[in-house]
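Visitor: My questions will all concern the structure given below.
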Amino acid sequence: MKVTFPYMGTSNIVFKSIMEELGHEVVVKKPSKRTLSLGTEHAPEFACIPFKILLGTYLESLEEGADLIVTSGGRGPCRAGHYAQLQEKILHNLGYDFEMVVFEALTDSFKDFFSNIRKVAGSELSWWQIFKLIKKEWYRLMVLDDIERLTHKVRPRELKKGTTTNVFAEAQEIVAVAKTEEEIKKAKEKSFELLNDVPQDPNYEPLKIGIIGEIYVVLEPFANLELEKTLGEMGVEVDRSIYLTGWTKDHTFFVPKKDGVEEAAKPYLDQLVGGHGLDSVGNTVLYAQNGFDGVIQLAPFTCIPEIVAKSILPEVSKDWNIPFLTIFLDEKTGKAGVTTRLEAFVDLIAKKRDEARDRIS
Amino acid sequence: MNGYLGIDVGSVSTNLVVINSEGEVLEKIYLRTKGQPIDVVQRGLKELKQSLADDIEIKGVGTTGSGRNLTSVVVGADTVKNEITAHAVASSHIVPDVRTVLEIGGQDSKITILRNGIVVDFAMNTVCAAGTGSFLDQQAARLGIPIEDFGKMALKSKNKVRIAGRCSVFAESDMIHKQQMGHNLEDIIAGLCEALVRNYLNNVGQGKDILAPVVFQGGVAANEGIKEAFAEALETEIVVPEHHDVMGAIGAALLAKDKIVNDGEETSFKGWNVTEIEYTPSSFECEGCANLCEVIEIRMDGEIVSRWGHRCNKWDLAQ
């Protein structure tokens, strides 16, 4: 079949590879301004921007003949959990003929999860072959995340602006073409080498900002107006609280792992509020404990879980003496407003760090 | 005498000021941007040169506002700084112990919290322009009242009418309905001022530690109705600085002065004759990839001098 899936950051490389190995033809649509126009035209007005972007990419893929959409569902009281079903309805009403496979958490229904795998994988591969394929591609996903983490360290230190971003693009291609686990490992080494070779200022001490918020706008640069690149090129080292490998581990295969986020959030919020609301609160505490200079919260406009988190953050920020900035994202593609806020925020935390150092010395 | 030029190119107004070495305002100009930032800067410079004393030599130039990058290319700026920082610098220069700055401009509203002269927190309206200068302008025009008298009328009210303030569309229809019911104009305008202040405090002011002294600046600070509504809501005195409408430009000039004085450098100012040069901006959509970047380029007498808006390095100018 001709398959498409949600486009989110570097994970598209992995999903493409999985689908191709399963013998499908793949349509990958990187979100663009046209995606936005299509998505906003056919989505309910008050849906959030991730919904609109994904709906737009599905429409573009269906135009190119895709007939299977593979996506994930979700748990918890965030409406994104039902987005797949709603998108399926909208697209069918528009007259497209396709099938949609929605992966819900393994813990919700064992049977559905595996029958969905079978649906996508076809009947020829054995479970063992499927397992091996998933294991390999999982490794590829981890490698991509590791490479991206390294770019966050290199970018603020690069001597020529833009070098890291170019090398990162090259690295993604190297990882994409690797066929076996062995080759992926080599691709990782090669990518690390390329990134470490980017001319850098070894003495530069960047400010450190942690990124929290809703998963889609955190992971997809098109949705967040390339926040990580913009901050990196302002000389800031960023750390992202969410990576797809982390999320998948928590939500699909295993019981939630104990990484201290829930514990850290507890004095402020002791229950799930949907989406990543709890994580946003907990991670702010963790970033403060780990000596970060500030936190930036990314939220789709009208996102309830992040609105809840935002109203709690002033207290966390005060208790832990860590400034935070909330950026709501929607249809706007003009970067000037976001850049202004980021610049001012970086000024603020730079002054704060200088002050703290003056006090010590 | 040494002068430092600050230029704030905002969405609605473009302001130019010249300050002396003590940071006092020597001259200020307030113009409407009208979507033509380059023209208006050139016009402003022309006016400024005529009104400025002959013995003043420009030693430094700073730009700020949403048009700061564009303007810095045209005039040759020593500092290019965002308006949040510029505004904070200006208010703590004029009111040294300021702890809260309320700022409402044409399209932006923001709050800045300072402690000991340092910005410790800020917020800016993100998605809606309700409660900003543009909306007040619009309503004044709709009611046929000069914007200058709008605030004074609010002060005459004895019985404020409640107006919805969350969204400019809601506010406008609520105002119209109340008018149709026969409420008088003063009460409606006072209600609008109160609604905008409520919306501001609830939106950008949410979760902020608002402590006195409170400075209120930006174009809307001229509106006494809004000033009064702030004083009532915050139960404190509101300070509106003399040059409240050009604080961004003052901040930009102060930043340029600091840089020049600290680094001991010569200014990059291109001189007053930039008003004679023809700058033409143009834009195109790059179709190299799905990003479809809107690339903007500036030509100086026909030659490309700057280009931005692209994400990759395809359109970088060769240095």
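The values are calculated or read from the model by the stated rules, or taken from the named source; none is laboratory data. If you're wondering where the values come from, they're calculated on a predicted model, not measured in any experiment. Ideal geometry is used to build each Cβ from the backbone, glycine not excepted, and the neighbour counts take in all protein chains shown. When the accessible area is computed, the model is the full protein with side chains, heavy atoms only, and any ligands, DNA or RNA have been set aside. Shrake-Rupley method; radii C 1.70, N 1.55, O 1.52, S 1.80 Å.
Visitor: Kindly establish whether A:Arg140 is touching a strand residue (DSSP E or B) at 6+ places or on another chain (Cβ under 8 Å), basic (Lys, Arg), away from chain B (no Cβ under 14 Å) and closer than 29 Å to A:Val238 by Cβ.
Guide: The answer is no for A:Arg140.
Visitor: Before we move on, is B:Glu297 of a type in the set (D, E, K, R), free of Cβ contacts under 8 Å to residues at least 12 places away in the same chain and away from chain A (no Cβ under 14 Å)? Steps first, please.
Guide: Working: of a type in the set (D, E, K, R): yes; free of Cβ contacts under 8 Å to residues at least 12 places away in the same chain: no; away from chain A (no Cβ under 14 Å): yes.
It is false that B:Glu297 is of a type in the set (D, E, K, R), free of Cβ contacts under 8 Å to residues at least 12 places away in the same chain and away from chain A (no Cβ under 14 Å).
Visitor: Can you tell me which residue among B:Val161, B:Val98 is touching a residue at least 40 places away in the same chain (Cβ under 8 Å), assigned to a loop (DSSP other than H, G, I, E, B) and either touching a Gly at 6+ places or on another chain (Cβ under 7 Å) or away from every other protein chain (no Cβ under 14 Å) (or both)?
Guide: Exactly one of B:Val161, B:Val98 is touching a residue at least 40 places away in the same chain (Cβ under 8 Å), assigned to a loop (DSSP other than H, G, I, E, B) and either touching a Gly at 6+ places or on another chain (Cβ under 7 Å) or away from every other protein chain (no Cβ under 14 Å) (or both), namely B:Val98.
Visitor: Anything in region A:316-353 that is over 18 Å from A:Phe301 (Cβ atoms) and out of contact with any strand residue (DSSP E or B) (no Cβ under 9 Å at 6 or more places or on another chain)? List them, or say none.
Guide: A:Lys318, A:Asp319, A:Trp320, A:Asn321, A:Thr339, A:Glu343
Visitor: Out of the residues in region B:106-119 meeting the condition of being surrounded by fewer than 20 Cβ atoms within 10 Å (Cβ to Cβ) and not in a loop (DSSP other than H, G, I, E, B), tell me which one is modelled with the lowest pLDDT.
Guide: Among residues in region B:106-119 that are surrounded by fewer than 20 Cβ atoms within 10 Å (Cβ to Cβ) and not in a loop (DSSP other than H, G, I, E, B), the one modelled with the lowest pLDDT is B:Ile118.
Visitor: When A:His276 is evaluated against the numbered criteria (1) more than 23 Å from the chain's Cα centre (by Cα); (2) over 25 Å from B:Ala86 (Cα atoms); (3) away from chain B (no Cβ under 13 Å), which criterion, by number, is the only one it fails?
Guide: Result: A:His276 passes all but (1).
Visitor: Does B:Gly207 qualify as being outside the structural domain of B:Gly10 (by TED's automatic domain parsing), without any contact (Cβ under 8 Å) to a residue 12 or more places away in the chain and closer than 28 Å to B:Ala164 by Cβ?
Guide: Yes.
Visitor: Look at region B:221-233 and say how many of its residues are under 15 Å from the mean Cα position of the chain (by Cα) and open to solvent by less than 10 Å² (accessible area, probe 1.4 Å).
Guide: 1
Visitor: Of the residues in region B:231-290, how many are assigned to a helix (DSSP H, G or I) and closer than 19 Å to B:Leu5 by Cα?
Guide: Residues flagged as assigned to a helix (DSSP H, G or I) and closer than 19 Å to B:Leu5 by Cα within region B:231-290 amount to 24.
Visitor: Counting residues that are surrounded by fewer than 20 Cβ atoms within 10 Å (Cβ to Cβ), which strands (runs of 3 or more DSSP E) fully inside region B:1-74 reach at least 3?
Guide: Details: elements: B:2-9, B:13-19, B:25-32, B:57-64.
It comes to B:25-32.
Visitor: Just give me the residues in region B:76-95 being more than 16 Å from B:Val204 (Cβ to Cβ), touching a Gly at 6+ places or on another chain (Cβ under 9 Å) and not polar (S, T, N, Q), in sequence order.
Guide: B:Gly76, B:Ala77, B:Asp78, B:Val80, B:Lys81, B:Ala86, B:Val89, B:Ala90, B:His93, B:Ile94
Visitor: On to the next question. For residues that are at pLDDT 90 or above and assigned to a loop (DSSP other than H, G, I, E, B), scanning just region B:183-204, find the one that is surrounded by the fewest Cβ atoms within 10 Å (Cβ to Cβ).
Guide: Going through the qualifying residues, I end up with B:Asn184.
Visitor: While we're here: Looking only at region A:211-237, which residues are hydroxyl-bearing (Ser, Thr, Tyr) and buried (at least 24 other Cβ atoms within 10 Å of the Cβ)?
Guide: Scanning region A:211-237 gives a single hit, A:Tyr216.
Visitor: A follow-up question, please. I need a count of the residues in region A:313-353 that are in a helix (DSSP H, G or I) and more than 9 Å from chain B (Cβ to nearest Cβ).
Guide: So the answer is 8.
Visitor: Does A:Ile296 qualify as being more than 9 Å from every other protein chain (Cβ to nearest Cβ), in a helix (DSSP H, G or I) and either touching a residue at least 40 places away in the same chain (Cβ under 8 Å) or under 22 Å from A:Val281 (Cα atoms) (or both)?
Guide: So A:Ile296 does not fit the description; no.
Visitor: Inspect region A:286-293 for any residue being surrounded by fewer than 20 Cβ atoms within 10 Å (Cβ to Cβ), more than 9 Å from chain B (Cβ to nearest Cβ) and more than 18 Å from A:Ala265 (Cα to Cα) and give the result as yes or no.
Guide: No.
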